[in-house]
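Worksheet: one structure, shown below.
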Amino acid sequence: MDVVLPDDWSNFAEKLAGRRSLSAHVALDEQGQLIGLKLGYERNRGVFNSWIGGVAPEARGHGIASDLMDAQHAWAKEAGFRGVETATRQPNQAMAIRNLKAGYMVAGLDVTPGEPTKILYYKGL
């Protein structure tokens, strides 16, 4: 799957440790193999952070990313969140377009020397 995951999984667990309102939405193929995922958590009161996600290359083009995003947003709204935030690294044009089509607005940039620029997005629910 073409997902930017941490190199060190202990950091992954560390990132999620103590987070509230963890959410995991997954898509499986007919054989039960993972082909898509969308993970997130409560960033601060009332705002959900859509943290990480992706769809396997062979499963792209069938609306799986949109379905996972829609499911995550529906869950977040039902859980009482008033908005969702997310970020994409600059070279990820497909996700940037998906976010804009889903109603996200560009909220800012995260520029860290030596790293790809992150585009920050926010969407009200």
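Bear in mind that the values in this text are calculations on the coordinates, not laboratory data. Because the structure is a prediction, the values reported are computed rather than measured. Every residue, glycine as well, gets a Cβ built from its backbone with ideal geometry; the counts of neighbours run over all protein chains shown.
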> At q = 0.15, 0.27 Å⁻¹, what is the log10 ratio I(q)/I(0) for segment 11-59, with the Debye formula run over Cα points and no solvent?
Replying inline: -0.48, -0.98
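Counting each DSSP H run of 4 or more residues in the chain as -39500 (n - 2.57), what helix-only mean residue ellipticity at 222 nm follows after dividing by all residues, to the nearest 500 deg cm²/dmol? Mind dumping the intermediate values first?
On the way: 3 runs with 32 residues, N = 125.
So the helix-based figure for the chain works out to -7500 deg cm²/dmol.
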>> Restricting everything to alpha-carbon atoms, can you work out Rg to Rh for the chain with a Kirkwood hydrodynamic radius?
In response: 0.94
>> What distance in nm separates the two pseudo spin-label positions at Thr117 and Lys101, each 7 Å out from Cα along the beta-carbon direction?
In response: 2.4
> At Ile52 and Leu109, where each label point lies 7 Å from the Cα along Cα→Cβ, what is the point-to-point distance in nanometres?
Replying inline: 2.6
>> At 0.36 nm per residue, and after removing the present C-alpha to C-alpha distance, how many nm does the segment from Arg45 to Lys15 gain when stretched out fully?
In response: 9.0 nm
>> How are the alpha carbon pair distances in segment 36-76 distributed across 10 Å bins from zero to the largest one, expressed in percent?
In response: 30, 49, 19, 3
